[in-house]
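A quick write-up on the structure given underneath.
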Amino acid sequence: MLQEFTGRPADVLKQNEDSAHGGDGWVPRAGTRLDELGTVWEACGVPAEWYPLRTVLTHRPGGEIDDVPDYRAALWLAPIDPAKARDQHDAFMEVYRSNGVKVIELGEIDAPLPNAYFCRDTFCMTPQGAVISRMASAARAGEERWAAAALAREGVPIVHSVDRDGTFEGADVVVTNEDLVFVGLGMRSNRSGVQQVARAFRDAGIAEVIEVEIPYGCGHIDGTINVIDKDLAMVMPTQLSWVVYENLKRHGFTVIDLPDMAESQGGMALNIVPLRPRAVVTPAGNAKTKALLEQHGVEVVEVDVSELMKGGGSCHCMTGVVWRA
């Protein structure tokens, strides 16, 4: 038998409905998500590559690099000694911590993803939040899932995840300054992915977002350029796009060429991370590059990552930049 529903007194019901629908007690949310960075959301964003480094996402290699049966299938250059690689990664992270950088750990990887310590590739940062990659290689498919989980866990807003048939890797973005971003188009980042990422940067208020074709034999755009200060960039002269060079000069940059191709190839001399304007952390052993940087007033902090480099990347590749300010 159905009973008549009496409910709460009409005045109490009305009061609750008014509060939930804009009446007494309702306070509208003010401002934009950008205003909420550092309060509702974790402080994050990259206005420019040379801003002081505040927060990074990295991954200490775990069991996924143990007993890799075929280093070529793993996209490595040579077999890696896991214990030595972990020791080098620990020392590298200590350089960040000693320079006041917050280090967020990706966490344990429960998947056969031996390249997961190259966190740079799995996302990039607009001034307002993260864009999650979609890795181009089948061997790396799924790495972006772990990056998205770690960023969400830390309270970093995700403004876009590359989807549909798009591929994109975070190392194909260079945030040159507050007005100019380059997005690389090549083997790792296809047209669909690049267009999605460019749109995310334009939505974040970047005035110029320029798509740049990556030369054959170069993995990402960050293999051709590294921005060290508001008016200083180091480039790979044989692979740098004229479009990049032209726009750097137009924005007032002094452009210096890597001085030694052997250091570039064997020593990954351009694979460096700005700690702050005119201060960088670099893979050890590139004496000519270090000397040239110091001639331009750049402080150079070297770190031995030689074992980790056997995976095909160095300092820059291992550093997922979350916040510069």
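Taking segment 257-278 as the region of interest, how many residues are surrounded by 19 or more Cβ atoms within 10 Å (Cβ to Cβ), aliphatic (A, V, I, L, M), free of Cβ contacts under 8 Å to residues at least 60 places away in the same chain and outside any loop (DSSP other than H, G, I, E, B)? Within segment 257-278, residues that are surrounded by 19 or more Cβ atoms within 10 Å (Cβ to Cβ), aliphatic (A, V, I, L, M), free of Cβ contacts under 8 Å to residues at least 60 places away in the same chain and outside any loop (DSSP other than H, G, I, E, B) number 0. Contact list please: Cβ distance under 8 Å, first residue in segment 22-41 and within 24 Å of A152 (Cβ to Cβ), second residue hydrophobic (A, V, I, L, M, F, W, C) and not in a loop (DSSP other than H, G, I, E, B), pairs at least six apart or on different chains. If the second residue must be hydrophobic (A, V, I, L, M, F, W, C) and not in a loop (DSSP other than H, G, I, E, B), the pairs left are R33/W41.
The lone criterion from (1) out of contact with any Lys or Arg (no Cβ under 8 Å at 6 or more places or on another chain); (2) at pLDDT 95 or above left unmet by G297 is number (1).
Are any of the residues in segment 171-189 crowded, with 24+ Cβ neighbours inside 10 Å, in contact with a Leu (Cβ under 9 Å, 6 or more places away or on another chain), touching a residue at least 24 places away in the same chain (Cβ under 8 Å) and assigned to a loop (DSSP other than H, G, I, E, B)? No, there is no match, as no residue in segment 171-189 is crowded, with 24+ Cβ neighbours inside 10 Å, in contact with a Leu (Cβ under 9 Å, 6 or more places away or on another chain), touching a residue at least 24 places away in the same chain (Cβ under 8 Å) and assigned to a loop (DSSP other than H, G, I, E, B). Scanning segment 200-249 for residues that are among the basic types (K, R), closer than 28 Å to G129 by Cβ and surrounded by fewer than 16 Cβ atoms within 10 Å (Cβ to Cβ) yields a total of 1. Among the residues of segment 228-240, those identified as part of a loop (DSSP other than H, G, I, E, B) and under 21 Å from the mean Cα position of the chain (by Cα) are K230, M236, L240. Among the conditions (1) surrounded by fewer than 22 Cβ atoms within 10 Å (Cβ to Cβ); (2) not in a helix (DSSP H, G or I), K84 misses just one, which is (2). Of the residues making up segment 116-131, those that are of a type outside the set (D, E, K, R) and over 21 Å from L37 (Cα atoms) number 5. Taken over segment 295-314, the criterion of being closer than 19 Å to A233 by Cα and surrounded by 24 or more Cβ atoms within 10 Å (Cβ to Cβ) is satisfied by S314 alone. Determine, yes or no, whether R202 is touching a Gly at 6+ places or on another chain (Cβ under 8 Å), of a type in the set (K, R) and modelled with pLDDT of 95 or more. No. Within segment 111-122, is even one residue surrounded by fewer than 19 Cβ atoms within 10 Å (Cβ to Cβ), under 15 Å from the mean Cα position of the chain (by Cα) and of a type in the set (A, V, I, L, M, F, W, C)? There is no residue in segment 111-122 that is surrounded by fewer than 19 Cβ atoms within 10 Å (Cβ to Cβ), under 15 Å from the mean Cα position of the chain (by Cα) and of a type in the set (A, V, I, L, M, F, W, C). Taken over segment 241-254, residues that are farther than 21 Å from R188 by Cα and part of a loop (DSSP other than H, G, I, E, B) amount to 3.
So for segment 146-154 (the condition being buried (at least 20 other Cβ atoms within 10 Å of the Cβ), over 18 Å from M318 (Cβ atoms), under 16 Å from the mean Cα position of the chain (by Cα) and at pLDDT 95 or above), does at least one residue qualify? Scanning segment 146-154 turns up no residue that is buried (at least 20 other Cβ atoms within 10 Å of the Cβ), over 18 Å from M318 (Cβ atoms), under 16 Å from the mean Cα position of the chain (by Cα) and at pLDDT 95 or above.
The values are calculated or read from the model by the stated rules, or taken from the named source; none is laboratory data. Small disclaimer: the values here were computed from a predicted structure and weren't measured. Every residue, glycine among them, receives a Cβ derived from its backbone with ideal geometry; neighbour counts consider all protein chains shown.
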